[in-house]
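Take a look at the structure below.
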């Protein structure tokens, strides 16, 4: 279903169902051949950093063009997902470990069965990159993944890996299933994994290797070796080693591959207070700066905020600084499941990981593990992707397009957010998450938001209650002069809705005024249990997430949802 609408304006590039790019956005059309208005529009977009150097591929181009072209889906099963707003919302997790990780334990099928049982429609197996994994692990895990696809046809199971980014932290890298998935991942890991780089490399050389790795993945897609590849930086602020300029450089290396980072890390069970849990820090965010850390980051960045990474949780912070540039950069949440809370198994006896590239299958030991820091996939966090169908391609298209909202603890059941020209009340009009609406200057626009409140218990056994929804708006200011910028001055919470109902559907709207300068908006919601003014002050964020304190950070008592942004630009 298309989500563009017609007010005698050209909105063709905002539709989900494909079509040609407007000439102003198609850089293969010479500027001299454009109309005066299209030439003006192109100059603005170029100046704002929203066009050129691959920007159109992720901000303005169609995410669904491949679907519209009638390309075959690689998965025919009709199950999964919740319909809302013209999309099929598929819940997933792109950060999961198995017995093929040196610190993992479970079979692929264990993780997949549990994830599916806890409501996931898709997931990615991401065992750690390492010398052992690069040598034999990529090959060995593949038959287990193929078998899981056969045994669980209602679950889309991707193969990926957790990349040791040269000069930085970790990232999920995964590819579309196909005959070359093992070959591409194996070549990628052997050439670009940080653990395999020469010890004599300089920081600059390693940073260049990271960029080369992302470009390699994009090249495999262009050469039709694989049908798609995606990169998400994992737990980006945990150790302070993902500098702002590196994040920008990854994204700019290939915006069709490098599309985002974890807005909230996994390991959320680590915050469960003792004696019922390990009494640690949510996300295992209990680090301090090291020699490898970017020196500009504040100490507060090494902790989570309402379970979310500082880069995402700070209104006007690093994520917003990217969005204010017009860079498409999306957030997700995940389990990072290694060993799970309350599980009663352990690694199989007699395992030799270095020799075999895996641990033996787990065995029951009858001991309830209250010290594990992880939840099973789907048990706590969900990355909800607006897809056009139940297929691998649609999930990757939805992720690439930023048609994503995330939540913890099943805070809400569903969400549809759109920006539209004020007063256009036709069904399913407006631009959805990740999209770009272009209108004439002076045109009035509005946000329309529909929420399905939670009315069934989550996996902890209670029904969460949404208490507040915040609308966050920022001005698009164009490229920054300093690539290590991690704040933006014009992003604030512009409206807070207090929610008093506990079930059913809620429709909210907020007038965005007459367009005088380009902007984006994003939305977050909370159970309201733990809030404080944001790091940049109460005038910017009066009721933001609270800093999580190790030992007193029960993840179930502090729930949030976040959406990805929508842009509004002048024609």
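Hey, what number do you get for the chain at 222 nm if only DSSP H runs of n ≥ 4 count, each worth -39500 (n - 2.57), divided across all residues, to the nearest 500?
-5500 deg cm²/dmol
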Quickly rank 244-257, 373-386 as a protection proxy: mean count of other C-beta atoms within 10 Å, highest first.
373-386, 244-257
Longest principal axis of the chain (C-alpha) makes with the long axis of helix 181-192 (C-alpha) an angle, in degrees to the nearest 10, of 90 degrees
Sort 300, 446 so the one with the fewest other Cβ atoms within 10 Å of its own Cβ comes first.
300, 446
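Could you give the alpha-carbon Rg of region 358-443 over 2.2 N^0.38 Å, rounded to two decimals?
Rounded to two decimals, the normalised Rg is 1.69.
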Convex hull of region 482-571 built on C-alpha atoms - directionally averaged projected area, nm²:
8.9 nm²
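Once a ≥ b ≥ c are taken as the square roots of the eigenvalues of the Cα gyration tensor of region 80-386, is the result rounded (a/c under 1.5), prolate (a/b larger than b/c) or oblate (a/b not larger than b/c)?
Verdict is rounded for region 80-386.
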Estimated FRET transfer efficiency (residue 444, residue 346; beta-carbon r; R0 60 Å; 0.05):
0.45
Using the 10 angstrom Cβ neighbour count as an exposure proxy, how do 94, 235, 176 rank, fewest first?
176, 235, 94
Can you list the equivalent-ellipsoid semi-axes of region 200-253, largest first and in whole Å, using the square root of 5 times each Cα gyration tensor eigenvalue?
23, 14, 9
For the chain, take the longest principal axis of its alpha carbons; what is the angle in degrees between that and the long axis of helix 138-151, to the nearest 10 within 0 to 90?
70 degrees
Once you order the gyration tensor axes a ≥ b ≥ c over the Cα atoms, which shape class does region 424-521 get: rounded for a/c under 1.5, otherwise prolate or oblate by comparing a/b with b/c?
oblate
Please give the direction-averaged projected area of the C-alpha convex hull for region 104-199, in square nanometres with one decimal.
6.3 nm²
May I ask you to work out the translational diffusion coefficient for the chain at 25 °C, viscosity 0.890 mPa s, via Stokes-Einstein with Rh from the Kirkwood sum over Cα pairs, reported in whole µm²/s?
104 µm²/s
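Cβ neighbours within 10 Å, averaged per peptide: list 333-343, 475-485 in order, most packed at the top.
The peptides rank, most packed first, as 333-343, 475-485.
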Packing rank of 408-415, 537-544, 184-191, 556-563, where each peptide gets the mean count of other beta carbons within 10 Å, highest leading:
556-563, 408-415, 184-191, 537-544
Relative contact order [Cα under 8 Å, 6+ residues apart], the chain, whole percent
17 percent
With Cα atoms, 0 to 90° folded angle of helix 392-401 axis to the chain main axis:
50 degrees
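Once Rh for region 427-471 is found with the Kirkwood sum over Cα pairs, what is the Stokes-Einstein diffusion coefficient at 20 °C and 1.002 mPa s, in µm²/s?
Rounded, D is 151 µm²/s.
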How high is the relative contact order of region 71-186, in percent, with contacts defined as C-alpha pairs under 8 Å that are six or more residues apart?
24 percent
Between residue 426 and residue 215, 0.36 nm times their residue separation minus their Cα-Cα distance comes to what?
71.8 nm
With the Cα gyration tensor of region 307-391 giving a ≥ b ≥ c as the square roots of its eigenvalues, does the rule (a/c under 1.5 for rounded; else a/b larger than b/c for prolate; else oblate) give rounded, prolate or oblate?
prolate
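Where a number appears in this text, it was derived from the coordinates with a stated rule and is not lab data. The structure presented is a predicted model; accordingly, all values stated were derived computationally and were not measured. Heads up, the Cβs are rebuilt from the backbone with ideal geometry, glycines too, and the neighbour counts pull from every protein chain shown.
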